[in-house]
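A.B. asks: For reference, the structure I am asking about is given below.
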Amino acid sequence: SSLFDSVELAPRDPILGLTEQYNADTRPNKVNLGVGVYYDDNGRLPLLESVRKAELALVEAASARGYLPIEGIAGYNKGAQTLLLGKGSPLLESGRALTAQALGGTGALRIGADFLKQLLPAAKVLISNPSWENHRALFERAGFVVDTYAYYDAQTHGLDFDGMLASLKAAEPRTIVVLHACCHNPTGVDPSAEQWQQIVQVVKERQLVPFLDIAYQGFGDGVEEDASVVRLFVQNDLTVLISSSFSKSFSLYGERVGALTLVCSSKEESARVLSQLKRVIRTNYSNPPTHGGAIVSSVLNSPELYQIWTDELGAMRQRIRAMRQQLVDVLKARGISQDFSFVLKQRGMFSYSGLTPAQVERLREEFGIYAIGTGRICVAALNSKNIDYVADSIAKVIA
Ligand code: PLP
């Protein structure tokens, strides 16, 4: 008998499964709205000019690839921290904040989770209902019990703010609360600035542990604007963990570029925390890879490349916004009685479209348009060539 006889086949990832089905579809006008990546107007994954320039310069400079420090490239970490806290933030000089390069946003969440498990072995983790599907799995894998806080209101296609506050108020002190700092995945629904003020107050009063996940900085209202929630927590003297992902904002998915930042209460505390975080990293993968980190670091630390990058990010943001507008306009023009204007209020790459599982199935079977059963669509997969077809098809399935 084999050692692995008792190993069960794990269920396959629902999103990747959808992509396999899409790839096998032979209809020429098929559209995959199930993805979690930004495509350009030609339906292709972009290679950013800022990234290309940085990469060319790195190839020119042709350096050997030694091990990086456990916490990664210093310039990368400083750049990631500056994006979160803002240039000129006194925190940058205070030594209270520490950042470690991580293997994407996922890696940042995982090293943060492992660190927290040591610190708060009995704590519970709360994630939004719904949330990015890996949040639950990742914190459970780190040994936590994961529960949800109320978030999305299907009736209004908006935030169940009262429910959210009630869930947070009911949480035990030192409960870890995972919050999407901007561009909520999967719904696209974010709290308003005033609502965030109240959330921060509850987090403070209830002594909750905020873990902010920011995977779409720049896709909401702008690089600076989208960091406002992070800055609000920090200004309220909260110790906070922040996982950053640059996968989408640099279109560098496969390079695994992310960072974990912790804002501590003193410089001395920060040194102790970093020493423990380094142990977590050392026993997981020892140290991060060089290439993607070097690219991001070059862009963040060169005023010229930074300008190109923020312009490119701005263009991505504008394109998504235009697609939201066009989707709403075309549906209206088709005489759909249902009000879809909520799509314009949503932020980031995704929209909870309100489509039912049956409608999603019809879209797939009859029209070759692939969306997730929850009705989540990736607005960044719409483009000037497929938008009319998608909107027409949606109009048909909801008629
Ligand atoms: N957090 C959220 C909310 C996400 O949507 C994603 C990616 O889809 C991640 C984290 C992980 O990002 P990465 O691909 O950099 O690991």
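Bear in mind that the values in this text are calculations on the coordinates, not laboratory data. Just so you know, these numbers come straight off a predicted model, no measurement behind them. Cβ placement follows ideal geometry from the backbone for every residue including glycine, while neighbour counts extend to all protein chains displayed.
A.B. asks: Could you check L58 against (1) surrounded by fewer than 16 Cβ atoms within 10 Å (Cβ to Cβ); (2) in a helix (DSSP H, G or I); (3) more than 23 Å from the chain's Cα centre (by Cα) and say which number it fails?
C.D. replies: The one condition L58 does not meet is (1).
A.B. asks: Okay, moving on. Looking at the structure I just gave you, is P191 farther than 18 Å from F144 by Cβ and within 16 Å of the ligand (Cβ to nearest atom)?
C.D. replies: Yes.
A.B. asks: If we only count helices (runs of 4 or more DSSP H) wholly inside the stretch 79-144, which ones have 1 or more residues that are touching a strand residue (DSSP E or B) at 6+ places or on another chain (Cβ under 6 Å), within 15 Å of the ligand (Cβ to nearest atom) and not aliphatic (A, V, I, L, M)?
C.D. replies: In the stretch 79-144, the matching helices (runs of 4 or more DSSP H) lie at 104-119, 133-141.
A.B. asks: Under the condition of being without any contact (Cβ under 8 Å) to a residue 60 or more places away in the chain and within 16 Å of the ligand (Cβ to nearest atom), which residue from the stretch 145-156 is nearest to G375 (Cα to Cα)?
C.D. replies: Y151
A.B. asks: I would also like to ask the following. Restricting the search to the stretch 362-399, which residues are in a helix (DSSP H, G or I) and among the β-branched types (V, I, T)?
C.D. replies: V379, I387, V390, I394, V397, I398
A.B. asks: Could you count how many residues in the stretch 61-84 are in contact with a Ser or Thr (Cβ under 9 Å, 6 or more places away or on another chain), surrounded by 13 or more Cβ atoms within 10 Å (Cβ to Cβ) and not basic (K, R)?
C.D. replies: The qualifying residues number 15.
A.B. asks: Using beta carbons and a limit of 8 Å, which pairs, at least six apart or on different chains, have the first residue in the stretch 44-71 and in contact (Cβ under 8 Å) with a residue 12 or more places away in the chain and the second one surrounded by fewer than 13 Cβ atoms within 10 Å (Cβ to Cβ) and in a loop (DSSP other than H, G, I, E, B)?
C.D. replies: Listed pairs, sorted by first residue: Y67/S286; I70/S286.
A.B. asks: Could you tell me whether any residue of the stretch 223-231 is in contact with a Phe, Trp or Tyr (Cβ under 9 Å, 6 or more places away or on another chain), farther than 15 Å from A102 by Cβ and hydroxyl-bearing (S, T, Y)?
C.D. replies: yes
A.B. asks: Residue check, E365 against (1) surrounded by fewer than 22 Cβ atoms within 10 Å (Cβ to Cβ); (2) within 25 Å of C183 (Cβ to Cβ); (3) without any contact (Cβ under 8 Å) to a residue 24 or more places away in the chain, all met but one. Which one?
C.D. replies: In the conditions (1) surrounded by fewer than 22 Cβ atoms within 10 Å (Cβ to Cβ); (2) within 25 Å of C183 (Cβ to Cβ); (3) without any contact (Cβ under 8 Å) to a residue 24 or more places away in the chain, E365 misses (2) alone.
A.B. asks: Filter the stretch 172-186 down to residues that are more than 11 Å from the ligand (Cβ to nearest atom) and surrounded by 20 or more Cβ atoms within 10 Å (Cβ to Cβ), then give me how many there are.
C.D. replies: Count: 3.
A.B. asks: Now, a different point. Quick check: anything in the stretch 319-341 in contact (Cβ under 8 Å) with a residue 60 or more places away in the chain, under 16 Å from K248 (Cα atoms), basic (K, R) and surrounded by 20 or more Cβ atoms within 10 Å (Cβ to Cβ)?
C.D. replies: Checked the stretch 319-341: no residue is in contact (Cβ under 8 Å) with a residue 60 or more places away in the chain, under 16 Å from K248 (Cα atoms), basic (K, R) and surrounded by 20 or more Cβ atoms within 10 Å (Cβ to Cβ).
A.B. asks: Right, next: Out of curiosity, is L85 out of contact with any Gly (no Cβ under 6 Å at 6 or more places or on another chain) and over 22 Å from Y253 (Cβ atoms)?
C.D. replies: Criteria met by L85.
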